[in-house]
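Note sheet for the following structure.
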Amino acid sequence: FNLQSVIAQDDIMPAEKKGEFLNSGDSDLARALDLEICSQSDVFVPAIPGMFYGNVAGKRIASGLTQILVPAPVVGGSAQASDFVSTYITKKSHFAYSCYC
């Protein structure tokens with residue numbers, strides 16, 4: 001995720017404020033933006049397993065956005081996207097299912 005390219009491409013703030021924001025060093029704000037963007041995107045592909053992945057998956061499940069694909073080696077030369085769906089979705093193993101579904 002490249003925060004600068006998202007800000008530049010999507011124009012979420014006025015141009016004169018971009019430099020101030022990007023140079024602020026506010027890692028909490030960057031993490032909050034990462035969480036929001038990953039939670040609302042069409043498809044989420046987690047970079048690594050962990051708390052961030054679990055939190056994004058929970059927010060996505062709660063809002064009905066169940067397109068979560070987990071990177072894995074392709075066996076046999078070809079694969080379908082459905083072969084890479086997160087077990088949070090296929091097995092309904094995320095705790096969000098007990099709260100929201």
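What follows is calculated from the coordinates using simple rules that are stated; it is not laboratory data. Please read these numbers as outputs of a predicted model, since none were measured by experiment. Cβ placement follows ideal geometry from the backbone for every residue including glycine, while neighbour counts extend to all protein chains displayed.
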Residue count, region 73-92, condition under 19 Å from Cys38 (Cβ atoms) and in a loop (DSSP other than H, G, I, E, B), comes to 1
Under 7 Å between Cβ atoms, at least 6 apart or on separate chains: pull out the pairs that start in region 28-53 with a residue that is under 18 Å from Thr66 (Cβ atoms) and end on any residue that is in a helix (DSSP H, G or I) and of a type in the set (Lys, Arg). Ser39/Lys59; Ser39/Arg60; Phe44/Arg60
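Given the criteria in a helix (DSSP H, G or I) and aliphatic (A, V, I, L, M), does Leu65 qualify?
Here the answer is no, as Leu65 does not meet what is asked.
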Of everything in region 69-101 that's surrounded by 14 or more Cβ atoms within 10 Å (Cβ to Cβ) and touching a helix residue (DSSP H, G or I) at 6+ places or on another chain (Cβ under 6 Å), which residue is nearest to Lys59 (Cα to Cα)? Ala96
